[in-house]
Amino acid sequence: MIEDSNATQSITLNARVSCMDKLNAFIGRTLDENKCPVHERGQIELAAEEIFVNIALYAYKGEKTKKITVSSSIKETPDATILSLAFSDNGCPFNPLEFAAPDIKSEPKDRKTGGLGIFLVKKTMDTVDYFRKDEKNIVKLTKLWHKKRSIYEH
């Protein structure tokens, strides 16, 4: 059985790269409270930055309210903790998962621009999903980390 240990928390930020510090603090509190290991924390922070920056730089055209809402929730199982992060914006419809993976074997100068960030997000997260609901783009990331057990537990 999976249980929520924390209610969903969210933050709404201006869609500006300069707001990354606020996002990092928001995510960091959740990771600290749930004893996220260093390796997984780095992967989560990298993926969150990539999604946030792409929304900030590319989602909005015109005079729409330029905001990004990020929600986090934690689910606990007996053996693992599962973090879900959802990034929501009301920018132009855009599914980042539709793009082909970049050719990482070719020389950087020979590669097409774009796609490397979402490739990294897909490689570092356990799941990455996109959907459009109520005229909003929603990118959902999940990451699992195993709980360390005492040698005395059975």
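Laboratory data are not the source of any read-out in this text; all were calculated from the coordinates shown. The model shown is predicted, which means the values in this text are computed figures rather than measured ones. In this analysis, Cβ positions are derived from the backbone assuming ideal geometry, glycine residues included, and neighbour counts consider all displayed protein chains.
Quick notes on this structure:
- Taking a sphere under 13 Å around the Cβ of Gln43 and counting the other residues whose Cβ falls inside, with K and R at +1 and D and E at -1, yields a net charge of -1.
- Footprinting exposure proxy for Tyr60, Tyr130 (fewest neighbouring C-beta atoms within 10 Å first): Tyr130, Tyr60
- Label-zone membership for the stretch 115-141, site Lys75, 7 angstrom Cα→C-beta point, backbone N under 15 Å: 126-129, 140-141
- Members of Lys66/Lys123; Lys122/Lys148; Lys22/Lys143; Lys67/Lys147; Lys75/Lys140; Lys22/Lys123 lying beyond 23 Å, as alpha-carbon distances in this model show: Lys66/Lys123; Lys122/Lys148; Lys67/Lys147; Lys22/Lys123
- Residue exposure sequence - Val139, Val17 - by fewest surrounding Cβ within 10 Å: Val17, Val139
- The ranking of Thr77, Thr65 by Cβ neighbour count inside 10 Å, starting from the fewest, reads Thr65, Thr77.
- Model label points for Gln9 and Lys67, set 7 angstrom from Cα along the Cα-to-Cβ axis, are 2.0 nm apart.
- Added length on full extension, which subtracts the Cα-Cα distance from 0.36 nm per residue, Asp32 to Lys148: 40.2 nm
- In a fully extended conformation the segment linking Cys92 and Phe119 would gain 7.6 nm over its present Cα-Cα distance, using 0.36 nm per residue.
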